[in-house]
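The values are calculated or read from the model by the stated rules, or taken from the named source; none is laboratory data. The structure displayed is predicted, hence computed values, not measured ones. Glycine gets a Cβ as well: all are built from the backbone with ideal geometry, and neighbour counts include every protein chain shown.
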Amino acid sequence: MTTDFQLPAIDYQAISPLLILFGVACLGVLVEAFVPRPARRRVQLGMALVGVLAALGAVVLLAGTNVVTAGGSVTVDGPALFMQGALLAFGVVALLLIGERRVEPGGAFVAQPAITVGSEADQRQASAPGATEVFPLAMFSLGGMALFIAASDLLTMFIALELLSLPLYLMCALARRHRLISQEAAVKYFLLGAYASGFFLFGVVLAYGYAGSVDLAAIHAAVDTSQMNPALLYAALALIVMGLLFKTAAAPFHVWAPDVYQGAPTPITAFMAACTKVAAFGALLRVTYVAFERLAWDWLPVIGVIAVLTMLVGAVLAVTQTDLKRLLAYSSIANAGFVLVGVLAVGRTGASSAMFYLVAYGFAVLGAFAVISLVRDREGETTHLSRWAGLGRRSPLVAGVFTVVMLALAGIPLTGGFTAKFAVFSAALEVGEGWLVIAGVVSSVIIAFPYLRVVVMMWLSEPSESTATMVAPGLLTGTALGIGALAVVGLGVVPGPVLDLAHDAALFLR
Amino acid sequence: MPGPEHYVALSALLFTIGAVGVLVRRNAIVLFMCIELMLNAANLALVTFARLHGDLNGQVMAFFVMVVAAAEVVVGLAIIMLIFRTRRSASVDDSNLLKY
């Protein structure tokens, strides 16, 4: 065993986006401690937005970098930078939704989540301004996601996984209204998430046992040379992929998603749907393409079956839903299946189509949840489908945005959703995975029905007494809505620049 | 004299006990203990493999896992406490508002 210790060389510029995110998160904790309560929200929101935008700027400046740094634990390459960029763009929109206080007095978050629901203290805090801890939590989570995508050894990936998950569990429990289901979502997400990361960790350990290192490139090299029992390698692969598929909400590891999406505060659901998906697929792509590429013939059929199952389960169960947040949760499951089709077209085209799909899906889903946060009655948000009947007659503008977003999710031409689906399906056809494309097209047709049903209900029904009211969006939600709608239409009408960017970026550095 | 392979087998056994425990038990605290058992099984395997490969990194990783487990306890117990206070029960069967 070696006893001398050498300081690893760190390329600070290459990891500057991560440093900015974690720095702002730590500053946010200090702000909670030292800044007087009335000023906190402005300071926190401003700091978080500036931080994410600065990190986004740093990612843009790094474009074209290909470097492994920090003692071989962080890889900054094309896919990492592209997905970090997408992640941070979604982060900005999600932060706008998290910071909104016009729509609901005091914001979507409760002031003291620890106070027992229904107690006197709880009634007193009903109109108190919401907790601002959510901003540093969101920043830690974003930092963890950015690290997750760029991690080039499995230990760093595990740490990043926990770093992105733990704040998410907490944020799920912070809803101001419907606190019981919000807490229930948190406990379900926590128990299942910790369970899945236990599997992931054991997979990491077995990979270490097989290869003698957790470095992804070293595992790749060990696949041909290691003297250890190959059973270790296959068990490691299965457990690691299981842990990652849980985060992407792929069937049969999807059961947490509907409950958590429905129970969590809507801005956090938006954050989860857009950002966690990118982070999880970033890590999945890196693990399968970099560490286990030589085993592709072994994992392709298995993940292929999972992809088909995910698409069909998501699509069929979405049809039966009556709650919009739950419907979007099943839609996110189905979409995870579509991204998996891209992942399975192993190669540059596959990776770039999956990355483009994530961008198109993220903006659409952020827009959808932004609209959901606006439709309310006295009890808070009304997400039951029947309460949305006739909304189009009352507030055509916002209902129009929702229609565009739904059409994008359904994959209608001239929206980002169509381009994205076309990209993943043609990538799969190119490598001869026709069966995935057939399953994909069938599920796209099935899942178009629930999306279009919402649209039809909004526009073609007469508003009645039970129709919810649409609250006028404040500046923050309005901006988020605008970004979502523009991006969805933009990616459909002129997808070229982003497609090219994804294609140029889609080479993993080993 | 037990060799490294015995420790790997023991760790796999502990991991399985934890994984099955999560599936069959109903109390959130017990579920959580089972998850911690899975993490500790991973630690045992890490240290064993470190010995097997003559590589210190495995032992260092075990420390990382311990820290992560500690952080997870903080978040997890806070959430379970929250549920227990409002429902007077830590059984996961009672958390049944969200379904289908």
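Just give me the residues in the stretch A:208-238 being under 12 Å from residue A:287 (Cα atoms) and buried (at least 22 other Cβ atoms within 10 Å of the Cβ), in sequence order.
Residues satisfying the conditions are A:214, A:215, A:216, A:219, A:236, A:237.
For chain B, which fully contained helices (runs of 4 or more DSSP H) count at least 2 residues that are under 19 Å from residue A:203 (Cβ atoms) and of a type in the set (Lys, Arg)?
none
Determine which member of the set A:270, A:307, A:315, A:291 is crowded, with 24+ Cβ neighbours inside 10 Å and farther than 30 Å from residue A:483 by Cβ.
A:291
For the stretch A:133-158, give me the residue count where each residue is part of a helix (DSSP H, G or I), of a type in the set (A, V, I, L, M, F, W, C) and more than 12 Å from every other protein chain (Cβ to nearest Cβ). Even if it seems obvious, please write down each step before you answer.
Filtering the stretch A:133-158 for residues part of a helix (DSSP H, G or I) gives A:134-150, A:154-158.
So of that shortlist, the ones also of a type in the set (A, V, I, L, M, F, W, C) come out as A:134-135, A:137-140, A:142, A:145-150, A:154-155, A:157-158.
Next, from what is left, pick out any that are more than 12 Å from every other protein chain (Cβ to nearest Cβ): A:134-135, A:138-139, A:142, A:145-150.
Going through the stretch A:133-158 one residue at a time, the tally reaches 11.
The conditions are (1) within 7 Å of another protein chain (Cβ to nearest Cβ); (2) under 22 Å from residue A:243 (Cβ atoms); (3) free of Cβ contacts under 8 Å to residues at least 12 places away in the same chain, and residue B:58 fails exactly one of them. Which is it?
Here residue B:58 clears every test but (3).
Which members of the stretch A:211-229 meet the condition of being within 25 Å of residue A:340 (Cβ to Cβ) and either within 14 Å of chain B (Cβ to nearest Cβ) or more than 28 Å from the chain's Cα centre (by Cα) (or both)?
Within the stretch A:211-229, A:214, A:219, A:223 meet the criteria.
Could you please find all residues in the stretch A:479-510 being of a type outside the set (Val, Ile, Thr) and without any contact (Cβ under 8 Å) to a residue 24 or more places away in the chain?
Selection gives A:482, A:486, A:496, A:497, A:500.
Quick check: is even one residue across the stretch B:68-89 closer than 27 Å to residue A:73 by Cβ, surrounded by 19 or more Cβ atoms within 10 Å (Cβ to Cβ) and more than 7 Å from every other protein chain (Cβ to nearest Cβ)?
Yes, that holds for at least one residue.
Looking only at the stretch A:164-177, filter to residues that are facing chain B (nearest Cβ under 9 Å) and in contact with a Pro (Cβ under 9 Å, 6 or more places away or on another chain); which one of those is farthest from residue A:140 (Cα to Cα)?
Top of the filtered list is A:173.
Working carefully through the options A:443, A:395, A:373, find the one that is buried (at least 21 other Cβ atoms within 10 Å of the Cβ), under 24 Å from residue A:94 (Cβ atoms), of a type in the set (S, T, N, Q) and touching a residue at least 60 places away in the same chain (Cβ under 8 Å).
So the residue among A:443, A:395, A:373 that is buried (at least 21 other Cβ atoms within 10 Å of the Cβ), under 24 Å from residue A:94 (Cβ atoms), of a type in the set (S, T, N, Q) and touching a residue at least 60 places away in the same chain (Cβ under 8 Å) is A:373.
Does residue B:8 satisfy the condition of being β-branched (Val, Ile, Thr) and surrounded by fewer than 18 Cβ atoms within 10 Å (Cβ to Cβ)?
Spelling it out, it is not the case that residue B:8 is β-branched (Val, Ile, Thr) and surrounded by fewer than 18 Cβ atoms within 10 Å (Cβ to Cβ).
In the stretch A:54-80, which residues are surrounded by fewer than 24 Cβ atoms within 10 Å (Cβ to Cβ) and assigned to a helix (DSSP H, G or I)?
A:54, A:56, A:57, A:58, A:60, A:61 - these are the residues of the stretch A:54-80 that are surrounded by fewer than 24 Cβ atoms within 10 Å (Cβ to Cβ) and assigned to a helix (DSSP H, G or I).
What is the one condition in (1) surrounded by fewer than 24 Cβ atoms within 10 Å (Cβ to Cβ); (2) out of contact with any strand residue (DSSP E or B) (no Cβ under 8 Å at 6 or more places or on another chain) that residue A:131 does not satisfy?
Condition (2) is where residue A:131 drops out.
Just give me the residues in the stretch A:173-213 being over 30 Å from residue B:52 (Cβ atoms) and of a type outside the set (A, V, I, L, M), in sequence order.
A:176, A:177, A:178, A:179, A:182, A:183, A:184, A:188, A:189, A:190, A:193
Of (1) within 9 Å of another protein chain (Cβ to nearest Cβ); (2) farther than 27 Å from residue A:383 by Cα; (3) buried (at least 24 other Cβ atoms within 10 Å of the Cβ); (4) more than 18 Å from the chain's Cα centre (by Cα), residue A:194 satisfies all except one. Which?
Exception for residue A:194: condition (4).
Out of (1) out of contact with any Phe, Trp or Tyr (no Cβ under 9 Å at 6 or more places or on another chain); (2) in a loop (DSSP other than H, G, I, E, B), the odd one out for residue A:38 is which?
Tallying (1) out of contact with any Phe, Trp or Tyr (no Cβ under 9 Å at 6 or more places or on another chain); (2) in a loop (DSSP other than H, G, I, E, B), residue A:38 fails exactly one: (2).
From the residues in the stretch A:1-16 that are within 14 Å of another protein chain (Cβ to nearest Cβ) and out of contact with any Leu (no Cβ under 9 Å at 6 or more places or on another chain), which one is modelled with the highest pLDDT?
So, considering only residues that are within 14 Å of another protein chain (Cβ to nearest Cβ) and out of contact with any Leu (no Cβ under 9 Å at 6 or more places or on another chain), the one modelled with the highest pLDDT is A:8.
Take the residues in the stretch A:241-267 that are of a type in the set (Gly, Ala, Ser) and either assigned to a helix (DSSP H, G or I) or free of Cβ contacts under 8 Å to residues at least 12 places away in the same chain (or both); name whichever of them is surrounded by the fewest Cβ atoms within 10 Å (Cβ to Cβ).
Ranking the candidates gives A:257 first.
So, in the stretch B:11-34, of the ones that are touching a residue at least 40 places away in the same chain (Cβ under 8 Å) and either aliphatic (A, V, I, L, M) or buried (at least 22 other Cβ atoms within 10 Å of the Cβ) (or both), which residue ends up farthest from the other protein chains (Cβ to nearest Cβ)?
The residue in question is B:29.
Name the residue, out of A:171, A:228, A:272, that is outside any helix (DSSP H, G or I) and not basic (Lys, Arg).
Values: A:171 fails: outside any helix (DSSP H, G or I); A:272 fails: outside any helix (DSSP H, G or I).
The match here is A:228.
Kindly indicate whether residue B:3 is facing chain A (nearest Cβ under 7 Å) and surrounded by fewer than 15 Cβ atoms within 10 Å (Cβ to Cβ).
Against the criterion (facing chain A (nearest Cβ under 7 Å) and surrounded by fewer than 15 Cβ atoms within 10 Å (Cβ to Cβ)), residue B:3 does not qualify.
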